[in-house]
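Only one structure is covered here, and it is reproduced in the block below.
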Amino acid sequence: MGIVLKQSLKNITITYLGFAFGAVNTLFLYTQILPDEYYGLVTFILASGAILMPFMAFGVQNTMVKFYSNYQDTEKDGFLTLMLLTPLLGIIPLALIVFIFDDALGNLVSKVNPIVKDYIWYVFLVGLSMGYFEVFYAWCKVHLKSVFGNFMKEVFGRVGVSILLVLLYYEVISLEIFFKLLVGLYLLRTAIIKIYAFSIRRLKLDFNFPSNTKEIVLYTFLIILGGSAALILVEIDKVMLNQFIKIENVAYYGVAAYIATVIIVPSRAMHQITYPLTAELLNSGNHFALETLYKKTSLTLFIASGILFVLIILNLNDLYLLLPEAYRNGFYIVCLIGLARVFDSLLGNNNSILYNSKYYRTVLIFGVCLALLTIVLNYFLIPVLGLEGAALASFISIFIFDLVKLVFVKVKFGFLPFTHATFKIFVTLIFLAILFYAIQFPFHPVVNIIIKSLLIVVTYLGILFRFQISEDVSGILSKWLRRREE
């Protein structure tokens with residue numbers, strides 16, 4: 001876990017910095033500066049662009065990680081050239097569809113909210129920039145250079161949004177210019193990561209594609225289904241809300257969902273480095289090391305995601321006091337999506353194992369089926385339960401999908417990610433939730449959050465260290481304590 005832990009810690013720091021800016025944007029700047037319906041429009045554009053992203057990248061970001069380590073250095077230029085050209089298979093048809101059916105698509109998505117009609121091209125350009133960003137980011141990751149890419153993904157865009165919102169607040173730019181610059185920000189981010197990727201390994205166009213190009217293209221095509229299914233599971237709720245209720249509600253839902261999304265920060269950071277390592281272990285057939293990595297990532301991510309869930313739930317009432325009144329009704333949304341994120345993190349590098357194994361086709365079928373289930377659940381639950389219906393649909397779909405993947409890895413590889421330490425962490429989290437649930441402080445909400453969070457974290461770390469539940473966590477704490485003594 002040396003290189004995993006080292007780069008993961010850097011990525012976690014960067015990712016949390018990004019989420020800090022994201023929290024400022026989501027909870028304060030957007031809610032105070034943008035009218036609710038335009039905040040809902042931003043959420044719709046970004047969620048729709050994210051759903052288009054797998055088609056724009058055409059699955060290349062996963063294909064590059066899976067196959068890159070198989071080639072000799074002299075063969076890699078042909079492979080990388082193929083990877084850069086393949087996304088055009090998705091981009092060109094989608095561009096033609098949007099160009100030809102622009103008006104029809106606009107009418108389709110604007111039945112309830114007419115404001116959405118004029119922003120179809122914005123969705124396309126955001127999806128395009130997200131797609132090629134992931135391609136160049138994968139270029140960095142296969143060389144185990146994930147930190148700068150993670151900075152661009154998590155921090156750069158959010159800082160840019162903060163600047164745009166401040167400019168909008170001081171009327172330096174108009175709302176129309178704000179949306180144009182928002183799209184431009186995503187395109188700029190892609191251009192920068194492209195330059196960095198080429199600085200790691202210079203692009204040498206080589207049209208002598210690998211001998212197994214047919215296998216690569218088939219995998220790439222199939223992985224689109226997996227990527228689309230995964231994003232539909234987490235983003236389709238925001239898109240479908242637009243079809244049933246006023247768009248300002250998408251903003252309210254987006255804020256609650258963002259609060260819960262903080263739980264997956266450690267997972268996102270760790271996966272930047274564990275994904276290529278998992279691919280290498282599978283390619284070499286080292287299943288003992290794979291099982292060890294599986295269990296360690298599961299425990300580490302459960303330790304992190306579990307305490308984040310407890311912190312969020314126990315501080316949620318104080319946090320809502322800092323927001324406008326319209327944004328304060330998302331407690332059940334946060335709980336449902338938060339629990340789904342914890343379970344997802346508990347699976348460790350499960351996705352990396354499945355999508356880099358020979359069983360990826362079966363898993364993709366599962367994913368597509370559950371993506372369809374998500375759409376159906378949203379279709380029936382949103383009209384009945386509103387925002388809570390969208391959250392419930394997401395929770396059910398993500399839980400079932402994760403359960404299927406967990407069982408599948410057990411059946412095909414013969415191991416589970418859980419250990420005795422997993423149960424100890426679960427009991428510890430329940431204990432902390434009960435212990436601090438009734439504790440309330442009479443100060444300003446910010447002060448209350450800080451005090452309660454510090455008490456919870458110190459107690460949690462003390463228990464982890466005292467009972468040596470995690471070797472990695474105990475090792476870090478021991479090093480820190482030794483430095484303090486010196």
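The values are calculated or read from the model by the stated rules, or taken from the named source; none is laboratory data. This structure is a prediction, so every number in the text was calculated from the model and none was measured. Don't worry about glycine lacking a Cβ; one is built from the backbone with ideal geometry, like all the others, and counts go over all protein chains shown. The area values use the complete protein model at the heavy-atom level, side chains included, leaving out ligands, DNA and RNA. Shrake-Rupley method; radii C 1.70, N 1.55, O 1.52, S 1.80 Å.
Tell me, which residue of the range 194-242 that is open to solvent by 40 Å² or more (accessible area, probe 1.4 Å) and among the β-branched types (Val, Ile, Thr) is modelled with the lowest pLDDT?
Checked the range 194-242; the qualifying residue modelled with the lowest pLDDT is VAL217.
Could you give every pair whose Cβ atoms fall below 7 Å, whose first residue belongs to the range 266-286 and is more than 21 Å from LEU346 (Cα to Cα), and whose second residue is assigned to a helix (DSSP H, G or I) and open to solvent by 50 Å² or more (accessible area, probe 1.4 Å), counting only separations of at least 6 or pairs across chains?
Short answer, once both residue conditions are applied: GLU280/SER69; ASN283/SER69; ASN283/ASN70.
Within the range 176-192, is even one residue open to solvent by 30 Å² or more (accessible area, probe 1.4 Å), over 24 Å from SER129 (Cβ atoms) and either in contact (Cβ under 8 Å) with a residue 12 or more places away in the chain or in a helix (DSSP H, G or I) (or both)?
no
May I ask you to list the residues in the range 314-331 that are within 17 Å of VAL250 (Cβ to Cβ), outside any loop (DSSP other than H, G, I, E, B) and either in contact with a Ser or Thr (Cβ under 6 Å, 6 or more places away or on another chain) or aromatic (Phe, Trp, Tyr) (or both)?
In the first step, residues of the range 314-331 are kept if they are within 17 Å of VAL250 (Cβ to Cβ); the result is 323-324, 326-330.
If we keep only those that are outside any loop (DSSP other than H, G, I, E, B) as well, we get 326-327.
Across the range 314-331, the qualifying residue is only TYR327.
Which is within 27 Å of LEU185 (Cβ to Cβ), out of contact with any Asp or Glu (no Cβ under 9 Å at 6 or more places or on another chain) and at pLDDT below 85, of VAL116, VAL109, VAL65? Step through it out loud before you land on a result.
Numbers: VAL116 fails: at pLDDT below 85; VAL109 fails: at pLDDT below 85.
That would be VAL65, the only listed residue that is within 27 Å of LEU185 (Cβ to Cβ), out of contact with any Asp or Glu (no Cβ under 9 Å at 6 or more places or on another chain) and at pLDDT below 85.
Could you tell me whether the range 162-173 includes any residue that is in contact with a Lys or Arg (Cβ under 9 Å, 6 or more places away or on another chain), among the polar types (S, T, N, Q) and farther than 27 Å from LEU96 by Cβ?
no
Check the range 57-67 and report whether any residue there is of a type in the set (Val, Ile, Thr) and touching a Gly at 6+ places or on another chain (Cβ under 6 Å). Spell out how you get there, then give the answer.
First, pick out the residues of the range 57-67 that are of a type in the set (Val, Ile, Thr): 60, 63, 65.
With touching a Gly at 6+ places or on another chain (Cβ under 6 Å) added as a condition, the list becomes none.
Looking through the range 57-67, none of the residues is of a type in the set (Val, Ile, Thr) and touching a Gly at 6+ places or on another chain (Cβ under 6 Å).
Checking the condition assigned to a loop (DSSP other than H, G, I, E, B), in contact with a Phe, Trp or Tyr (Cβ under 8 Å, 6 or more places away or on another chain) and surrounded by fewer than 19 Cβ atoms within 10 Å (Cβ to Cβ), which residue from PHE415, PHE399 passes? Spell out the reasoning first.
On the way: PHE399 fails: assigned to a loop (DSSP other than H, G, I, E, B).
The match here is PHE415.
Got at least one residue in the range 312-322 being modelled with pLDDT of 90 or more, closer than 23 Å to ALA269 by Cα and within 21 Å of the chain's Cα centre (by Cα)?
Kept after step one, since they are modelled with pLDDT of 90 or more, are these residues of the range 312-322: 312-322.
Now drop any that are not closer than 23 Å to ALA269 by Cα, which leaves 312-313.
Filter again for within 21 Å of the chain's Cα centre (by Cα), leaving 312-313.
The answer is yes, given that some residue of the range 312-322 is modelled with pLDDT of 90 or more, closer than 23 Å to ALA269 by Cα and within 21 Å of the chain's Cα centre (by Cα).
Going by the structure shown, is TYR258 more than 15 Å from the chain's Cα centre (by Cα) and at pLDDT 90 or above? Explain how you work it out, then say what you get.
Details: more than 15 Å from the chain's Cα centre (by Cα): no; at pLDDT 90 or above: yes.
Judged against the criteria, TYR258 is not a match.
Quick one: count up the residues across the range 419-442 that are open to solvent by 30 Å² or more (accessible area, probe 1.4 Å), over 16 Å from SER453 (Cα atoms) and in contact (Cβ under 8 Å) with a residue 24 or more places away in the chain.
Count: 3.
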